[in-house]
Each structure stands twice: as structure tokens, then as C-alpha cells.
Amino acid sequence: MATPRTTLPQSRAVRRQKRTARIALAVAGSLLAAACGGADILVTSERADQIQSTGFPSSGDLGDPNDIDDAEPDRNTPLEPIDPADPMGEPDVVEIDPAAIDRDAINFGDNKPARDYDDFLLASLGDIDTWLRTEYEASFGEPYEPLEGQVFAGYPERSEPIPGCGEPVTRYNELQQFVAFYCPIGDFIVYDDGESGLLAQLAAEFGPATIGIVLAHEYGHAIQFRTGALQLNLPTVATEQQADCIAGAWAGRAAAGDAPGVPFSDEDIRAGLIAMIQVQDPVGIDPNQPGGHGSGFDRVGAFQVGFQEGLSRCALLIDDPLPLTPLQFLSTDDVRNEGNAPFGFEEDDLFGFLVPDLNLLYDNDWQNRFPDFTPLTLVSVQSASEIECDSPFGLFELGAELCSESNTVYLNEPTAMQLYADFGDFAPGYLLGVVWAEHAQITNGSQLSGENRQLLNDCLVGAWVQTVTPDPTTGLLPEPRDPDRSASVSPNDLTEAIQTAIVIGDPTQSNNVLGSAFEKIDAFRRGALGGVDACV
């Protein structure tokens, strides 16, 4: 977030682009499609410029620290911590029903090395085709026409040529730059099947469902060719948003068990969210410029809209697109500080302006909604042994503990600093927002419990963010609550929030403790786009 002061530029951002060395997977591209290539013919899965790492580390051997019982706990039951070093755990081994596999769905060529994800990809492509034959006409108003070309696997050992898109052939070294692409000339799709390619890395780290989502996204571009959307000279982000939505619609179908032979678990849903974030535009990029794709927040949002509302909703996005959040830096100070407010407690530091802004939000702006709210004091501690509280909330291991009886929040400084380093400075800011929202519920006698209570907290954090978001049209900051120490949203804050939600969310939809990553992000987005009225 940003803190305007008389001696500083109008904005101070909260994004930290530098990542810690322990982050193993720095993805350089995937899922999104950009109009690239010399002739602007390809619709690909990679940006030409560098994609920022999201801070999600690769899977490790730490186990799953988010293994929470299904039973709904008492509000004061301590919750197990999530270690950002291993948010996913090891990918599951996927067993595919042989009856669901059409070996002709992919042109594997000659000399193809077997991949662990081959059968999943074959089953996914067969289902995507079945799905479109069934639902396309009702959504787009015309019969579905299957691909005239094929889906081609590209890899270094392949000697059988792959068609080119404006060129005689597609060479593997060129394909590596695109990861996957759809070509309207010949109506075909190509993906990088190389052992060291990005798709193989995604499958190894997060499971094969990520590749199924990539190809569903490319089918989204094939749909756009059929509807004429690719011929409208729209901003790239408009067609990318719809393709993300279409990928989400197929993922929702698979997750609902409607894709025979294609297993799709809660872990696959989380992996899809992570993959969408990993290929957002770099901070500082205008999403409306040629080749723009949007922020991680926007891409996840389009994916979720498709997941929840289906293909027919995606069909409307060309004429009625979802709102975009700005990623541009608002001042030279933003650039100089790498978009990050300093981690600290002085007036110009992160907690020095977040705490007063949250207190003013609930005690003044939202006083009619939370009339019994009492302002909170932040105390930084190094361990739980320093907390003095008879009825702690139970979130200390996640980053911040609430003691409503003394109107105190205890910041777990080592954990908060790690989140700050991994994702950016609105990661700990998001946790503070959750704690302030919980205090507002406690002081006003909320009867909600379990997951529903936590999702309201997430929504209220989003609504707080909306109150400090610059006007998307003018770029002007909202009227400050405190002229000396007010906060405002800066590039990538929203994405940092949903990254944190993924790390701390329940591992499955059925745990019903904090809410799953998907549910928490959905609640946060509802508040961020609709304000407090959308929450309460």
C-alpha cells in the first residue's frame, strides 16, 4: 500500500519484486495468451517480456502443515500454520481410465519420450472437444466446428515436422519461446513437450491439471477465431480474459466430476490459481497495451468467473469485459523502492500507516456498520510466549494474533517478514485486515462461525482495499482518512492478497475452517469490487 505525505510523492507502492533464494520455481511464462510472433498470427501462452515470479516455492519434503480436521472448530481453537515453503505438497499420482483416452487426440509424432502427464492430457483434450460439441452452440449461438488441424506435441527429438504459423514449419527452439500457441492459419494448437520445458515443470511441481488448463486456454483462442473475436483488433487483454474464463469453465466442469476420466481435485484447483498468478503481467505494465494480459488478481478473477458460471458467461466477456486493476507505478518513488513500503513501524513504514488507516476505517468510515468497534494497538513479538491474552484468536502461526479483550494485535514478526519477502508488503497487510475484521465481528456480536465467519473477514479486507484504490479512469487517489498517514493501493497489492489467501487457506473445500483458497479469493474479490455493501 501507499502512504502519501507532504514530503513524498502521491503514492508509495507495496510490491516487492525481489524474491528469496528459496523460491524454486520462477516461471517465465505459461497459461496466458498474447498475440506474438512476427506476423501477429500466433496466439500463444507466453509474454515476450519477463514474467515475475509469484513467490510460490516448488513442492518440498516438509509435508502438508495445513492438515486441518474437517470438524468446525471453536473460534478460539488454534489453527495449524501453513508454511509458504510448501503450499501444495507433492503432486498426486493421477490414474486415468483407459476408456477415456483417445490416442488420436494429439499428434505425438515420432521419437516421443513418454511423459507422466500424457494420459491426462489425452483425456483432457478428448473431454474439451466433447464439452464444446455439447455446450458451444447454446453459449455462442452457432454450431461448434472442431479443429481442422491437430494438437501437436513439440520436443527436441521430434523429426516429423510441425506446421508453421506463417512459416513453413514450427521449430522447437521457437516453440520454447511460446510454451503453447494456437494458430488460426491451419486451425491447430502446438505445445512444448520437452523434458525441460515449462509445461513439464508445471506438471512436476503442481500436477498435470495445469497443462490441461493451458490447453483449455488455447482452445479459448480457437473459439475466438470461430466467433470472429480475434478479427476485431481488440486489446490483447480482452481476448486473454475470455480465454482465461474458458479455461476456468472447463476446470469447473472437471472439478464437478462432469469430465469422465479426468480426475480434478481441490489440489488441482489451487494449482490452477497459482498457475494463473505466475503468468501475470510484470508490475508497471499497462494491461491495455499490446500484449497485455492483466494482473494475477484479474486473471484469477476471469478463471473464477468461468469456473463458477460456465461457458455461457465467458461468451459475454468480449462485449462486457470484467474490470481490470491497474499495475502501473504511480510515481518515480514507486519504481525507486521496487514498489514496496519499508517493513517497519515508523510513520512512513508499512505498519506505521496501515494500523491508523484500519482503525479509522472501522471507527469512522464504517462506524454505522460496526458501532461497537474499539481501535486496536499493534505489538510486534518474536514468539507466542510473549503474548498476554486469555482468549487468543488462534492465528499467531499464520502471522498475527488478536486479543480482543485488551484491544491488542500481536504481530508474529518473523512470519510477517517472511511473507513480505515472499510476496510483497500487502501479504502481512492482508493478515492485518483479517484480524481487524475479526475484531469488528467480535465487538459487534457476530453470530457467524467457522468458514462463513472467516470468509466475511476476507470480504471485509477486500472492501477495505476498495476504499483506498485509485480511480481506474483518472488514477486519482481517494480522499485520505488521515492526510498525514493514509494508505492507498499500489500495483500488485491485490495479487499479493490472493497469494496469501492461497497459502493460508484450507487444503480442501470440505475442511470449512478458514475457507479454501478458491473461496477466500472469491470473498476477497467480492469486497474489492463491490465494497462493504457486497459483504454485509
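Looking for something among the aromatic types (Phe, Trp, Tyr), closer than 16 Å to Leu317 by Cβ, in contact (Cβ under 8 Å) with a residue 60 or more places away in the chain and assigned to a helix (DSSP H, G or I) - is there at least one such residue anywhere in the stretch 244-264? Looking for residues that are among the aromatic types (Phe, Trp, Tyr), closer than 16 Å to Leu317 by Cβ, in contact (Cβ under 8 Å) with a residue 60 or more places away in the chain and assigned to a helix (DSSP H, G or I), one finds at least one in the stretch 244-264, hence yes. Scanning the stretch 306-322 for residues that are in a loop (DSSP other than H, G, I, E, B) and either aliphatic (A, V, I, L, M) or more than 20 Å from Leu230 (Cα to Cα) (or both) yields Gly310, Ala315, Leu316, Leu317, Ile318, Leu322. Checked against (1) surrounded by fewer than 23 Cβ atoms within 10 Å (Cβ to Cβ); (2) farther than 20 Å from Ala315 by Cβ, Leu202 meets all criteria but (1). Just one of (1) crowded, with 24+ Cβ neighbours inside 10 Å; (2) over 14 Å from Val532 (Cβ atoms); (3) of a type in the set (D, E, K, R) fails for Asp458. It is (2).
Assessment of the stretch 100-109 against the conditions (in a helix (DSSP H, G or I) and modelled with pLDDT under 65) yields at least one matching residue. Hey, any hits in the stretch 490-503 for a residue that's touching a residue at least 12 places away in the same chain (Cβ under 8 Å) and more than 27 Å from Ile269 (Cβ to Cβ)? Within the stretch 490-503, one or more residues are touching a residue at least 12 places away in the same chain (Cβ under 8 Å) and more than 27 Å from Ile269 (Cβ to Cβ). Taking every residue in the stretch 302-324 that is in contact (Cβ under 8 Å) with a residue 40 or more places away in the chain and pairing it with any residue that is of a type in the set (Phe, Trp, Tyr), at least 6 positions away or on another chain, the pairs with Cβ-Cβ distances below 6 Å are Ala315/Phe140. Considering (1) under 30 Å from Phe206 (Cβ atoms); (2) in contact (Cβ under 8 Å) with a residue 60 or more places away in the chain, the lone condition that Thr467 does not fulfil carries the number (1). Kindly indicate whether any position in the stretch 504-525 is buried (at least 16 other Cβ atoms within 10 Å of the Cβ), farther than 24 Å from Gly394 by Cα and not polar (S, T, N, Q). Yes. In the stretch 392-422, the qualifying residues are those that are in contact with a Lys or Arg (Cβ under 9 Å, 6 or more places away or on another chain) and small (Gly, Ala, Ser), and the one that is surrounded by the fewest Cβ atoms within 10 Å (Cβ to Cβ) is Gly394. Filtering the stretch 143-176 to residues that are exposed (fewer than 14 other Cβ atoms within 10 Å of the Cβ) and touching a Phe, Trp or Tyr at 6+ places or on another chain (Cβ under 8 Å) leaves Pro143, Glu148. Scanning the stretch 355-391 for residues that are surrounded by fewer than 19 Cβ atoms within 10 Å (Cβ to Cβ), under 21 Å from Pro428 (Cα atoms) and β-branched (Val, Ile, Thr) yields a total of 4. Residues in the stretch 461-472 that are β-branched (Val, Ile, Thr) and either outside any helix (DSSP H, G or I) or buried (at least 24 other Cβ atoms within 10 Å of the Cβ) (or both): Val461, Val465, Val468, Thr469. In a residue-by-residue description of the stretch 316-339, the property of being at pLDDT 95 or above, under 26 Å from Asp258 (Cα atoms) and surrounded by 24 or more Cβ atoms within 10 Å (Cβ to Cβ) applies to no position. Restricting the search to helices (runs of 4 or more DSSP H) fully inside the stretch 331-444 and requiring at least 2 residues that are touching a Cys at 6+ places or on another chain (Cβ under 6 Å) and among the small types (Gly, Ala, Ser) gives an empty result. Determine whether the stretch 332-344 contains at least one residue that is over 24 Å from Asp422 (Cβ atoms) and touching a Ser or Thr at 6+ places or on another chain (Cβ under 8 Å). No: zero hits.
Assessment of the stretch 457-469 against the conditions (of a type in the set (Val, Ile, Thr), touching a helix residue (DSSP H, G or I) at 6+ places or on another chain (Cβ under 6 Å) and within 20 Å of Gly339 (Cα to Cα)) yields at least one matching residue.
Table: residues versus (1) of a type outside the set (Phe, Trp, Tyr); (2) at negative phi; (3) buried (at least 24 other Cβ atoms within 10 Å of the Cβ).
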| position | (1), (2), (3) |
| --- | --- |
| Trp250 | no, yes, yes |
| Ala254 | yes, yes, yes |
| Pro260 | yes, yes, no |
| Asp266 | yes, yes, no |
| Leu273 | yes, yes, yes |
| Met276 | yes, yes, yes |
| Asp281 | yes, yes, yes |
| Asn288 | yes, yes, no |
| His293 | yes, yes, yes |
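The values are calculated or read from the model by the stated rules, or taken from the named source; none is laboratory data. Since the structure is predicted, the reported quantities are computational estimates derived from the model, not experimental observations. All Cβ positions, glycine included, derive from the backbone under ideal geometry; neighbour counts span all protein chains shown.
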